[in-house]
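The values are calculated or read from the model by the stated rules, or taken from the named source; none is laboratory data. As the structure is a prediction and not an experimental result, all values here were calculated from the model. Here Cβ is always computed from backbone atoms with ideal geometry, including for glycine, and neighbour counts include all displayed protein chains.
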Amino acid sequence: MSGLIGIVNYGIAGNIHSIKKAIEQAGGEVQIINNPTDFKTVGKIVVPGVGSFKGAMRELETDGFIDDLQKTDKPILGICLGMQILTTLGFEYGKTRGLGLVNGEVKPIICDAPVPHVGFNKITVVNESGILSGVEDEEFYFMHSYEVVNYTDVSALSEYAGHEFVAAIQKNNLYGVQFHPEKSRDAGIKLFRNFIAV
């Protein structure tokens, strides 16, 4: 399998450059996936995302990426919105079907504090996950108004103003983090190093 890590460029992924830089800092070699044929040349896939669930799914469809993402058995890491669209259904700007790779729904955060939730937060690892090894007590940078509601594939939780939410998921070859490892200093580099090694 190729050692290349492909970052999916689907128009809504505004954090590609910082993710590429962080993966390279962690020792990985990166290729930007600009069209479906690029999936063949990479060994692992990162799905970034900044924006809305509906907008992300529309862009993935326009760029012809949905089929490849749904059928691949390569390790996939979804970051923030990239994790959210791995699920079945999103409720941002109406109901939108996700990639359906993880059984879950994406709903607005409801808590007694300002939303979006922005800033560094600790995570609590609740199920062992290859990408979370050695970062169990670290803080990661979050910036989100929506959360993944899932009860079967949770690998880490976090808490905001007394509201507990899913911080990371894992299912077979799929990994997802609600936070931004590329903005999380050394902890994020460690996480990318773990993803390179899985």
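Among the residues of segment 134-147, those identified as surrounded by fewer than 17 Cβ atoms within 10 Å (Cβ to Cβ) and under 17 Å from the mean Cα position of the chain (by Cα) are 139, 143, 145. Look at segment 62-89: where a residue is under 18 Å from residue 129 (Cβ atoms) and a partner is among the charged types (D, E, K, R) and crowded, with 16+ Cβ neighbours inside 10 Å, sitting 6+ places away or on another chain with Cβ atoms under 7 Å, you get 74/44; 75/44; 87/105.
Within segment 135-161, track down each residue that is in contact with a Leu (Cβ under 9 Å, 6 or more places away or on another chain) and either free of Cβ contacts under 8 Å to residues at least 60 places away in the same chain or not in a strand (DSSP E or B) (or both).
Here is the first cut: in segment 135-161, the residues in contact with a Leu (Cβ under 9 Å, 6 or more places away or on another chain) are 135, 138, 140, 144, 146, 148, 153, 155-156.
Those that are in contact with a Leu (Cβ under 9 Å, 6 or more places away or on another chain) and either free of Cβ contacts under 8 Å to residues at least 60 places away in the same chain or not in a strand (DSSP E or B) (or both): 135, 138, 140, 153, 155, 156.
Only a single item in (1) touching a residue at least 60 places away in the same chain (Cβ under 8 Å); (2) touching a strand residue (DSSP E or B) at 6+ places or on another chain (Cβ under 7 Å); (3) crowded, with 17+ Cβ neighbours inside 10 Å is not met by residue 173, and it is number (3). Does at least one position in segment 107-120 carry a residue that is touching a residue at least 60 places away in the same chain (Cβ under 8 Å) and at negative phi? Yes, some residue in segment 107-120 is touching a residue at least 60 places away in the same chain (Cβ under 8 Å) and at negative phi. So the check is Cβ under 7 Å with 6+ separation or different chains; which pairs have a first residue in segment 21-37 that's loosely packed, with under 15 Cβ neighbours inside 10 Å and a second one that's of a type in the set (Phe, Trp, Tyr) and not in a helix (DSSP H, G or I)? Between residues of segment 21-37 that are loosely packed, with under 15 Cβ neighbours inside 10 Å and residues that are of a type in the set (Phe, Trp, Tyr) and not in a helix (DSSP H, G or I), the close pairs are 36/65.
Filter segment 76-88 for residues that are closer than 23 Å to residue 15 by Cα and either in contact with a Gly (Cβ under 8 Å, 6 or more places away or on another chain) or modelled with pLDDT under 95 (or both) and give the result. Talk me through it step by step, then tell me what you get.
Taking segment 76-88 as the starting set, the residues that turn out to be closer than 23 Å to residue 15 by Cα are 76-87.
Matches in segment 76-88: 77, 78, 79, 80, 81, 82, 83, 84, 85, 86, 87.
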